[in-house]
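What follows is a short report on a single structure.
The values are calculated or read from the model by the stated rules, or taken from the named source; none is laboratory data. Keep in mind that what you see is a predicted model, and the values were worked out from it rather than measured. Heads up, the Cβs are rebuilt from the backbone with ideal geometry, glycines too, and the neighbour counts pull from every protein chain shown. Side chains are part of the model used for accessible areas, which takes the heavy atoms of the whole protein and leaves out ligands, DNA and RNA. Shrake-Rupley method; radii C 1.70, N 1.55, O 1.52, S 1.80 Å.
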Amino acid sequence: MVAAVRGVLPEGMPLLVRLSATDWVEDRPAWDLEQSVELVDLLKEQGADLIDVSTGGADQVKIPTGPGYQVSFAEEIRRRTGIPTTDVGMIEGPELALSILEQGQADAVLIGRQALKDPVWPLRAGHELGMGKNELPNPPSYSRAFW
């Protein structure tokens, strides 16, 4: 399937794949990190450029959530396969997002739910991390609303 999609994408357009790295199921056979690494190797061979790493949610199990709770999965898939990864899941503060990137745990962070709660999160994050207006300009239509 990845090869088929790659075959119709314009030259230079990246192919991103979202993957649930584990189902968090421990009391019976289920999808886990080892299977994810094997799958990512196949996806990479077929032309995937980046893996967006998430976890669980399809089974009714207790998921140990907390800030950055999925980071280790993105980091391990990146380390073992050599493919760039993104990380998601309760990356609420700018400091955590920056730390994930600086430590090489993922190549990017995605902030879906956080962006729903705080639509200007990227702008606020830049401001809180000390990026001036020259480094991170506001979109022109926002110029009167912030800082």
Acute angle (nearest 10 degrees) that the helix 71-81 long axis makes with the longest principal axis of the chain, alpha-carbon atoms: 60
Computed over the stretch 5-147, the ratio Rg/Rh where both radii use C-alpha atoms and Rh is Kirkwood: 1.03
Global geometry of the stretch 24-100, whether rounded, prolate or oblate, following the gyration tensor of its Cα atoms and the 1.5 cut on a/c: oblate
Cα-projected label distance for residue 103 with residue 141, points at 7 Å along beta-carbon direction, nm: 3.8
63, 83, ranked by accessible area, largest first (probe 1.4 Å): 63, 83
Alpha-carbon centroid distance for the pair the stretch 36-62 / the stretch 1-25, whole angstrom: 9
Estimated inter-spin distance, residue 63 and residue 28, nm [label 7 Å along Cα→Cβ]: 1.9
Solvent-accessible area per residue for the chain (1.4 angstrom probe, square angstrom): 61
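State the percentage of accessible surface on the stretch 1-107 attributable to carbon and sulfur atoms; use a 1.4 Å probe and exclude ligands, DNA and RNA. Don't skip to the end; give the middle numbers.
On the way: 3220 of 6030 Å².
The C+S portion of the solvent-accessible surface of the stretch 1-107 is 53 percent.
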